[in-house]
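Here the structure comes first, spelled out in structure tokens, and everything after it is commentary.
The values are calculated or read from the model by the stated rules, or taken from the named source; none is laboratory data. Fair warning: this is a prediction, and the values are worked out from it, not measured in the lab. As a convention, Cβ positions derive from the backbone with ideal geometry for all residues, glycine included, and neighbour counts pool all protein chains shown. These area figures cover heavy atoms from the full protein model, side chains too; ligands, DNA and RNA do not enter into them. Shrake-Rupley method; radii C 1.70, N 1.55, O 1.52, S 1.80 Å.
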Amino acid sequence: MHTHDVDEELVAAATEVARTRCRGDNHTVAAAARAADGRIVTGVNAYHFTGGPCAELVVLGTAAAQGADDLATIVAVGDRDRGVISPCGRCRQALLDYFPALQVIVPTPDGLRAVPVTALLPHTYVWADHQLDTSSWSEGPVMRPSHDS
């Protein structure tokens with residue numbers, strides 16, 4: 001059951017890539033993201049025992065390569081008809097760091113739902129909040145203000 005706040009076209013795009021491109025053990029998850037300009041970017045994971053990239057991270061790179069600088073929504077779908085899956089912890093952190101306003105489609109007991117990436121990582125570490133502000137190095141390094149302040 002899908003809910004009203006889900007981009008069904010995006011889910012269908014990821015499902016089609018999972019069905020047609022995920023074969024064997026090297027590619028088991030597909031992801032699709034909708035850019036702010038409306039286009040859809042897709043990708044698949046590249047499994048490797050050393051820790052290859054998840055499908056969501058492949059989509060981030062593909063979007064950058066295609067000039068899709070502002071992603072609005074993302075979804076991941078497992079192969080073998082596993083359906084929509086939630087992003088892993090590493091992907092949640094990367095998605096938050098790259099696109100803090102991103103919506104992520106996830107499965108819930110009541111069907112699919114689009115939620116803010118921030119809801120997937122409560123009390124999270126926001127990388128940008130902890131980078132040195134180098135604009136005033138003459139006065140020494142200064143930490144950027146936190147989102148919590």
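Condition first: assigned to a helix (DSSP H, G or I) and either among the small types (Gly, Ala, Ser) or open to solvent by less than 50 Å² (accessible area, probe 1.4 Å) (or both). Now tell me which residues in segment 94-108 satisfy that.
The answer is Ala94, Leu95, Leu96.
When only residues in segment 4-17 that are under 12 Å from Val84 (Cβ atoms) and touching a Lys or Arg at 6+ places or on another chain (Cβ under 8 Å) count, which is surrounded by the fewest Cβ atoms within 10 Å (Cβ to Cβ)?
Val6
Name the residues in segment 23-41 that are more than 15 Å from Leu95 (Cα to Cα) and buried (at least 21 other Cβ atoms within 10 Å of the Cβ), would you?
Val29, Ala30, listed by residue number.
Taking only segment 109-119 into account, find how many residues are open to solvent by 30 Å² or more (accessible area, probe 1.4 Å) and touching a residue at least 24 places away in the same chain (Cβ under 8 Å).
Within segment 109-119, residues that are open to solvent by 30 Å² or more (accessible area, probe 1.4 Å) and touching a residue at least 24 places away in the same chain (Cβ under 8 Å) number 2.
Could you check segment 42-58 and list, in sequence order, the residues that are in contact with a helix residue (DSSP H, G or I) (Cβ under 9 Å, 6 or more places away or on another chain) and crowded, with 17+ Cβ neighbours inside 10 Å?
Thr42, Gly43, Val44, Asn45, Pro53, Cys54, Ala55, Glu56, Leu57
If you go through segment 59-87 one residue at a time, how many are under 20 Å from Val115 (Cα atoms), outside any strand (DSSP E or B) and open to solvent by less than 70 Å² (accessible area, probe 1.4 Å)?
So the count comes out to 4.
Of the residues that make up segment 41-57, is at least one among the polar types (S, T, N, Q), part of a strand (DSSP E or B) and either closer than 19 Å to Ala14 by Cβ or in contact (Cβ under 8 Å) with a residue 12 or more places away in the chain (or both)?
For segment 41-57, residues among the polar types (S, T, N, Q), part of a strand (DSSP E or B) and either closer than 19 Å to Ala14 by Cβ or in contact (Cβ under 8 Å) with a residue 12 or more places away in the chain (or both): present.
Quick one: count up the residues across segment 48-71 that are modelled with pLDDT under 95 and of a type in the set (S, T, N, Q).
The number of residues fulfilling the criteria is 1.
For segment 120-142, how many residues are open to solvent by 60 Å² or more (accessible area, probe 1.4 Å) and modelled with pLDDT of 65 or more?
8
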